[in-house]
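Here's the structure we're looking at; comments come further down.
The values are calculated or read from the model by the stated rules, or taken from the named source; none is laboratory data. None of the values given here were measured: they were computed from a predicted structure. Note that we place each Cβ from the backbone using ideal geometry, even for glycine, and neighbour counts take in every protein chain shown. Areas reflect the complete protein model, heavy atoms only, side chains present, ligands, DNA and RNA absent. Shrake-Rupley method; radii C 1.70, N 1.55, O 1.52, S 1.80 Å.
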Amino acid sequence: MSEELDIDISDDDIVESVSEGISDVLSVEQKKMVNTPTVPLKGGDWKDVELTDAEVTDSLNITAGLTDFVKDTIKLDQGTGVVETLPTGIDILDTYLGGGWGCGTLSLIVGMPGTFKSSILGQTIGTSQIKYRGKLLSTFHDSENAMTTERLQDMGAKYPPIKPYTDVTIESVFKTIEAISAYKITNKIREIPSIVAWDSIANTTTEYELNMDEIDPNKATGLKARILSAVLPRYVSKMKNNNISLIAVNQLRDKIDMGIFKTANDLKYLGGKIMPGGKSLMFNAFHLLHLTQKSDLGHDKYGFNGFVLEAKCVKNKLFPPNIPFKLLVDFNSGVSNFWTNYQFLVDTNKIKSGSWNSFAADDSMKFRTKDAKNMYDSNEKGFKDLFDSEVKSTIQSDIIDVYKPTA
């Protein structure tokens, strides 16, 4: 792992440097403006007040040169303010994520066993390979020894196919991030997005535990959390600088209270569960998607066996968090974009559901639920065209316009 820089800057150094820098950077006019006492609005008078044109100009003038001064003084660059995304290929999920997982960030997919977390991870790689036209570097770290190249290909991850790593430790995941960083810098391809897929945190051990002849609980307890707490803050910056996304699956476990005092809920929206790996995971996550299994889907009605997931982004830096929504799972193919969209149209009354279904926009098109996918694939009677149009417009009107209105 990279060595930390040895930087020793005292408070006096900072004050002196800043004072000298301000003197050099600000013009005489700006100094006068800065030194002019400002009388702020009192009480709640500021809430509905917009700045005048003159005040907007002043706000720009007072910060003129600040960016260059910070860069020259402490070698710190600003970000672009824009985050590229890695889509899952599931329209409703991508909408609530704000376009997809953030590039160069840590994202977590959490839930109880059997909630198709790994499926979403594989589908993300496949869809992102398409979005970036094959220019995507990906690794899959499978501590559960449950993923195969063939299964990843079924999820769309085939440009190119990926062979999962199985001898996984906490340390090896972050060593992989180091290796990808070095590879991209050496080959001058830092701008190409990368995914380090990790399945799962809960089942991954440390190198220390792996090499112990006999586990010593006194030394092993909490070791994973301590390592993650030490390395994650450092690697969040490294991943951003080298456009590497760490997308990790984690299990949830029952919260056990000991004694008369209850254990604190760090994130109450996880349904009273806890997440292995310590608090650093939650603090450093850009997205945290929580999945909960709900009702079953019967073969007689849908033509396949599956169930409904309730999903919500407990942490979300690109869209408002904690909005529950539904994802429909087909046991054979994973989380289904078509059936998720179908249920979304039913729930928003764009499809009238009954023994025979029809579109609210075209009552003449009658169909059974189990026939809907075949009609979509064949575009019978323009089914696909109308379906896609309704999904797109309803996502805009019922999700984006409602939860993220433009200023």
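The rows are residues; the columns are (1) assigned to a helix (DSSP H, G or I); (2) modelled with pLDDT of 95 or more; (3) surrounded by 12 or more Cβ atoms within 10 Å (Cβ to Cβ).
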residue	(1), (2), (3)
ILE185	yes, yes, yes
ALA202	no, no, yes
GLU214	no, no, no
LYS224	yes, no, yes
MET239	yes, yes, yes
LEU246	no, yes, yes
VAL249	no, yes, yes
TYR269	yes, no, yes
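Taken over the stretch 304-352, the criterion of being of a type in the set (Gly, Ala, Ser) and at pLDDT 95 or above is satisfied by GLY306, ALA311, SER336.
Results for (1) open to solvent by 20 Å² or more (accessible area, probe 1.4 Å); (2) at pLDDT 95 or above, shown as yes or no for each residue.
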site: LYS75; (1), (2): yes, no
site: THR80; (1), (2): yes, no
site: LEU86; (1), (2): no, yes
site: ILE90; (1), (2): no, yes
site: GLY99; (1), (2): yes, yes
site: GLY102; (1), (2): no, yes
site: SER107; (1), (2): no, yes
site: VAL110; (1), (2): no, yes
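For the stretch 144-167, the set of residues classified as in contact with an Asp or Glu (Cβ under 7 Å, 6 or more places away or on another chain) and in a loop (DSSP other than H, G, I, E, B) consists of GLU144, MET147, PRO164, THR166, listed by residue number. I'd like to know if the stretch 74-87 contains one or more residues that are within 21 Å of VAL335 (Cβ to Cβ), out of contact with any helix residue (DSSP H, G or I) (no Cβ under 7 Å at 6 or more places or on another chain) and among the basic types (Lys, Arg). No: the stretch 74-87 contains no residue that is within 21 Å of VAL335 (Cβ to Cβ), out of contact with any helix residue (DSSP H, G or I) (no Cβ under 7 Å at 6 or more places or on another chain) and among the basic types (Lys, Arg). If GLU191 passes every condition in (1) touching a residue at least 24 places away in the same chain (Cβ under 8 Å); (2) farther than 21 Å from THR124 by Cα; (3) exposed (fewer than 15 other Cβ atoms within 10 Å of the Cβ) but one, which one does it miss? So the condition that GLU191 fails would be (2).
Restricting attention to the stretch 236-250, which residues are over 15 Å from GLU191 (Cβ atoms) and in contact (Cβ under 8 Å) with a residue 60 or more places away in the chain?
VAL236, LYS238, LEU246, ILE247, ALA248, VAL249, ASN250
Scan the stretch 352-383 for residues that are of a type in the set (A, V, I, L, M) and in contact (Cβ under 8 Å) with a residue 12 or more places away in the chain and jot them down. Those that are of a type in the set (A, V, I, L, M) and in contact (Cβ under 8 Å) with a residue 12 or more places away in the chain: ALA361, MET365, ALA372. Here the condition is being surrounded by fewer than 18 Cβ atoms within 10 Å (Cβ to Cβ), out of contact with any Phe, Trp or Tyr (no Cβ under 9 Å at 6 or more places or on another chain) and not in a loop (DSSP other than H, G, I, E, B); of LYS366, LYS301, LYS370, it holds for LYS301 alone. Taking each residue of the stretch 32-61 that is among the β-branched types (Val, Ile, Thr) and looking for partners that are modelled with pLDDT of 70 or more with beta-carbon atoms closer than 8 Å, six or more apart or interchain, yields VAL34/ILE62.
Annotation: ASN349 fulfils all but one of (1) on the phi < 0 side of the Ramachandran plot; (2) of a type in the set (S, T, N, Q); (3) without any contact (Cβ under 8 Å) to a residue 24 or more places away in the chain; the unmet one is (1). Scanning the stretch 121-140 for residues that are aliphatic (A, V, I, L, M), open to solvent by 20 Å² or more (accessible area, probe 1.4 Å) and under 21 Å from VAL173 (Cα atoms) returns a single hit, LEU137. Taking the conditions (1) assigned to a helix (DSSP H, G or I); (2) open to solvent by 30 Å² or more (accessible area, probe 1.4 Å); (3) not acidic (Asp, Glu) in turn, SER181 satisfies each one other than (2). Can you say whether VAL196 is within 21 Å of LYS279 (Cα to Cα), open to solvent by less than 50 Å² (accessible area, probe 1.4 Å) and touching a residue at least 60 places away in the same chain (Cβ under 8 Å), as far as the supplied structure shows? No. Within the stretch 127-138, is there a residue that is modelled with pLDDT under 95 and under 13 Å from the mean Cα position of the chain (by Cα)? There is no residue in the stretch 127-138 that is modelled with pLDDT under 95 and under 13 Å from the mean Cα position of the chain (by Cα).
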